[in-house]
Amino acid sequence: MCGIVGYIGYQDVKEILLRGLEKLEYRGYDSAGIAVLNENGVHVFKEKGRIADLRRIVDPNVKATIGIGHTRWATHGAPSRVNAHPHQSASGRFTLVHNGVIENYEMLKRDYLADVEFRSDTDTEVIVQLVEQFVRDGLTTEEAFRQTLSLLKGSYAIAMIDAENEETLYAAKNKSPLLAGLGDGFNVVASDAMAMLQVTNQFVELMDGEMVIVTSENVTIQTLNGETVERKPFTAELDASDIEKGTYPHYMLKEIDEQPFVTRRIIQKYQDEHGGLTIDQAIINEVLNADRLYIVACGTSYHAGLVGKQLIESWAKIPVEVHIASEFSYNMPLLSEKPLFLFISQSGETADSRAVLVQTNKLGHKAITITNVPGSTLSREADYTLLLHAGPEIAVASTKAYTAQIAVLAILAATAAKAKGLELDFDLTKELAIVANVMEMLCDAKEEMENIARDYLTLTRNCFFIGRAVDYYVCLEGALKLKEISYIQAEGFAGGELKHGTIALIEDGTPVIALATQEHVNLSIRGNVKEVVARGANPCVISMRGLEGDGDRFVIPAVHPDLTSLVSVVPLQLIAYYAALHRGCDVDKPRNLAKSVTVE
Ligand code: M6R
């Protein structure tokens, strides 16, 4: 969701900005733009659509060594060239890009900018017009920038240039992600490190309420009170090849295929000196000290949380509630006496989850973030972090992060169980290693999954996923994968719930994908399949070896019954991928969606 890049140095900036924006494409966007500054003034290029469309309109003859760029995911005002960033002040002196939402923009317009003619429908334009207004009133650019920031309510990451000063780039952050990157003779800002890995791997974290004055030689971080902040840089441990597709046609397919490797890496990262799996003792102490765990997450991460609840409750015997973050914020349940919060977020930047963390921090409750991104907002603001070690997930549809989240939750559950003297009767390291091997076999079954997608999903307008127990949770995830990338209306249901209403939707040929990996509900789910078949459904049963029945379309090699979610999701991910592919959808960048949802 919206991405920002900025560069000041000695190289021609256009290509650096465009390449940076391409690396941010995965976040989701509907328009893009860049502004560069040279001795002839500011040159703004912006376009609705893809970076490729923007590239076509950028004048190759304009050379500059300072500039800013932006990918926009529309919130205020439709996706259009006019609403695309960068935005300029009335005189054209100041040019600015912004990620986030300015909640009080209407009030600011009314109170400070009544005489200004606005060109766009965005909340962003208020920021750049305010800077100009304060400069007209006699402030320097730096003072005007600070004064403007102090008036803003909401979330922002901002980069700004001043046509009268080729030597300085201004940036600021509050709630939306922004990093400064350091180079030799140049410096950069970016929404995430991936965008600027092309020029540096040295970055400095920025905190909420900070502004940054960037020149080609220095990055000066200040609070809004003008106090200088010293902060050490860190090395972004990303390999440029991690963020390339290589020979894969889509990131989603690459990331599905990475799941066996990620599972093995998690085993390695969480291994203790005796070969067992373990979690930091301080985290386990918090878990044991709590009388109830509250898992808070969105989308796929929420679905992983549902599986996590089952593992923690059945292995460690600790009660767990799982909540959708956007609901929790406004409808907080009655909390237990000693709650412990577990935030699950691939990106670590999801605004809905962050809003809950802000609330629970205020209430003084401890929190653990399970995330793929070290240094992300949710990681920084929680007391503890458990990393997924999944490598960058670029496709909007989350795949490897889901299985990584479940694997880490399984290790947490097992470690907490052990600490309570509740030893598991199996070796989790060995069982996760088996899971990784089975994932590999499933990734090799692409042809079968492509055939299922072709046979069941080519012409349909809807599809149901049914399962019981943990299979139900995986069905929710399978349905989300299918709908978000193929636009087929897909829903996951508990098998036994169909007859309470949903069965009315079954018509001749309606595809129903059923999961059957759990012995204790195998007969029941097969009964549910019969019910839908009797109403004309076209069933596709995916079962686990040992539980298979006549006519099952695919049988997954067996894994430990408590870990089936880690493997049963893989066929569903592949089916969704091929369904989207055959329908001509943009698999990695589905419509209306963003990878990192940084607005509430
Ligand atoms: O980064 P997060 O895990 O917090 O993101 C939460 C959801 O936005 C995300 O899982 C979303 O549902 C995925 N696009 C689904 O594939």
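Could you tell me how many of the residues in the range 228-261 are of a type outside the set (D, E, K, R), without any contact (Cβ under 8 Å) to a residue 24 or more places away in the chain and more than 29 Å from Leu572 (Cβ to Cβ)?
2
Of all residues in the range 352-375, which are part of a helix (DSSP H, G or I) and over 16 Å from the mean Cα position of the chain (by Cα)?
Within the range 352-375, Val356, Leu357, Val358, Gln359, Thr360, Asn361, Lys362 meet the criteria.
Restricting attention to the range 411-424, does a residue exist that is aliphatic (A, V, I, L, M), surrounded by fewer than 20 Cβ atoms within 10 Å (Cβ to Cβ), away from the ligand (no atom under 16 Å from the Cβ) and part of a helix (DSSP H, G or I)?
yes
Here are some conditions: (1) touching a residue at least 12 places away in the same chain (Cβ under 8 Å); (2) over 26 Å from the mean Cα position of the chain (by Cα). Asn225 meets all but one. Which one does it not meet?
For Asn225, the failing item is (1).
Can you name the condition, by its number, that Ser379 falls short on among (1) within 16 Å of the ligand (Cβ to nearest atom); (2) of a type in the set (Ser, Thr, Tyr); (3) in a helix (DSSP H, G or I); (4) modelled with pLDDT of 95 or more?
Of everything listed in (1) within 16 Å of the ligand (Cβ to nearest atom); (2) of a type in the set (Ser, Thr, Tyr); (3) in a helix (DSSP H, G or I); (4) modelled with pLDDT of 95 or more, Ser379 misses just condition (4).
Just give me the residues in the range 383-399 being more than 13 Å from the ligand (Cβ to nearest atom) and either modelled with pLDDT of 95 or more or more than 13 Å from the chain's Cα centre (by Cα) (or both), in sequence order.
Correct list: Asp383, Tyr384, Thr385, Leu386, Leu387, His389.
What strands (runs of 3 or more DSSP E), lying completely within the range 159-218, carry at least 1 residues that are aromatic (Phe, Trp, Tyr)?
Counting at least 1 such residues, we get 165-174, 202-205.
Among Glu217, Glu205, Glu132, which is the only one that is among the charged types (D, E, K, R) and buried (at least 21 other Cβ atoms within 10 Å of the Cβ)?
Sole residue among the options that is among the charged types (D, E, K, R) and buried (at least 21 other Cβ atoms within 10 Å of the Cβ): Glu132.
What are the residue pairs meeting all of these: first residue in the range 574-600, first residue at pLDDT 90 or above, second residue among the charged types (D, E, K, R) and away from the ligand (no atom under 14 Å from the Cβ), Cβ atoms under 7 Å, and 6 or more apart or on different chains?
Leu574/Lys446; Tyr578/Glu450; His582/Arg454
Within the group Thr278, Thr371, Thr360, Thr263, which residue is under 19 Å from Thr385 (Cα atoms) and out of contact with any helix residue (DSSP H, G or I) (no Cβ under 7 Å at 6 or more places or on another chain)?
Only one candidate qualifies: Thr360.
What single numbered condition from (1) within 11 Å of the ligand (Cβ to nearest atom); (2) in contact with an Asp or Glu (Cβ under 9 Å, 6 or more places away or on another chain) fails to hold for Ile370?
Of the numbered conditions (1) within 11 Å of the ligand (Cβ to nearest atom); (2) in contact with an Asp or Glu (Cβ under 9 Å, 6 or more places away or on another chain), the odd one out for Ile370 is (2).
Residue-wise test of (1) modelled with pLDDT under 95; (2) in contact with an Asp or Glu (Cβ under 8 Å, 6 or more places away or on another chain); (3) of a type in the set (S, T, N, Q).
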| residue | (1), (2), (3) |
| --- | --- |
| Ala282 | no, no, no |
| Leu293 | no, yes, no |
| Thr300 | no, yes, yes |
| Val307 | no, no, no |
| Leu311 | no, yes, no |
| Ile318 | no, no, no |
| Ser329 | yes, yes, yes |
| Met332 | yes, no, no |
| Leu340 | no, yes, no |
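How many residues does the range 352-365 hold that are more than 16 Å from the ligand (Cβ to nearest atom) and surrounded by fewer than 17 Cβ atoms within 10 Å (Cβ to Cβ)?
Within the range 352-365, residues that are more than 16 Å from the ligand (Cβ to nearest atom) and surrounded by fewer than 17 Cβ atoms within 10 Å (Cβ to Cβ) number 5.
Please find, among Gly49, Gly92, Gly77, Gly41, the residue that is at positive phi, without any contact (Cβ under 8 Å) to a residue 40 or more places away in the chain and not acidic (Asp, Glu).
When all the criteria are applied, what remains is Gly49.
May I ask you to verify whether Ala401 is over 22 Å from Gln573 (Cβ atoms) and either in a loop (DSSP other than H, G, I, E, B) or not acidic (Asp, Glu) (or both)?
no
Under 6 Å by Cβ, and 6 or more places apart or on different chains, what pairs join a residue from the range 476-503 that is over 22 Å from Ile324 (Cα atoms) with one that is among the hydrophobic types (A, V, I, L, M, F, W, C) and within 11 Å of the ligand (Cβ to nearest atom)?
Matching pairs, first to second residue: Ile488/Leu482.
Residues are listed down the side, and each one gets a yes or a no for (1) among the hydrophobic types (A, V, I, L, M, F, W, C); (2) out of contact with any Gly (no Cβ under 6 Å at 6 or more places or on another chain):
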site: Leu179; (1), (2): yes, yes
site: Val188; (1), (2): yes, no
site: Asp192; (1), (2): no, yes
site: Gln202; (1), (2): no, yes
site: Gly209; (1), (2): no, yes
site: Ile213; (1), (2): yes, yes
site: Ser216; (1), (2): no, no
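Restricting attention to the range 295-328, and to residues there that are in a strand (DSSP E or B) and within 16 Å of the ligand (Cβ to nearest atom), which single residue is surrounded by the fewest Cβ atoms within 10 Å (Cβ to Cβ)?
By that ranking, first place goes to Ile324.
Quick check: is even one residue across the range 559-571 within 16 Å of the ligand (Cβ to nearest atom), surrounded by 16 or more Cβ atoms within 10 Å (Cβ to Cβ) and hydrophobic (A, V, I, L, M, F, W, C)?
yes
Quick check on my filter: what residues within the range 375-424 are without any contact (Cβ under 8 Å) to a residue 24 or more places away in the chain and more than 17 Å from Gly305 (Cα to Cα)?
Those that are without any contact (Cβ under 8 Å) to a residue 24 or more places away in the chain and more than 17 Å from Gly305 (Cα to Cα): Lys418, Gly421, Glu423.
Looking at the structure I just gave you, is Ile284 among the aliphatic types (A, V, I, L, M), surrounded by 14 or more Cβ atoms within 10 Å (Cβ to Cβ), more than 16 Å from the ligand (Cβ to nearest atom) and assigned to a helix (DSSP H, G or I)?
In short, yes.
Restricting to the range 471-523, what's the tally of residues that are farther than 26 Å from Pro590 by Cα, among the polar types (S, T, N, Q) and in a helix (DSSP H, G or I)?
Adding up the residues that qualify gives 2.
Inside the range 330-351, can you point out the residues that are within 16 Å of the ligand (Cβ to nearest atom) and either over 19 Å from Val307 (Cβ atoms) or outside any strand (DSSP E or B) (or both)?
Gln346, Ser347, Gly348, Glu349, Thr350, Ala351
From the list Val287, Val322, Val296, exactly one residue is in contact with a His (Cβ under 7 Å, 6 or more places away or on another chain) and over 23 Å from Gly391 (Cβ atoms). Which is it?
Val296
Answer yes or no: is there a residue in the range 517-525 that is touching a Cys at 6+ places or on another chain (Cβ under 7 Å) and polar (S, T, N, Q).
No, because not a single residue in the range 517-525 is touching a Cys at 6+ places or on another chain (Cβ under 7 Å) and polar (S, T, N, Q).
How about the range 476-504: which of its residues are of a type in the set (A, V, I, L, M), modelled with pLDDT under 95 and either surrounded by 15 or more Cβ atoms within 10 Å (Cβ to Cβ) or within 16 Å of the ligand (Cβ to nearest atom) (or both)?
Listed by number, the residues that qualify are Leu498, Ile503.
Can you name every residue in the range 504-560 that is within 34 Å of the chain's Cα centre (by Cα) and of a type in the set (Ser, Thr, Tyr)?
The answer is Thr510, Thr517, Ser543.
The values are calculated or read from the model by the stated rules, or taken from the named source; none is laboratory data. Bear in mind that the values here come from a model prediction, so they are computed numbers and not experimental data. Every residue, glycine among them, receives a Cβ derived from its backbone with ideal geometry; neighbour counts consider all protein chains shown.
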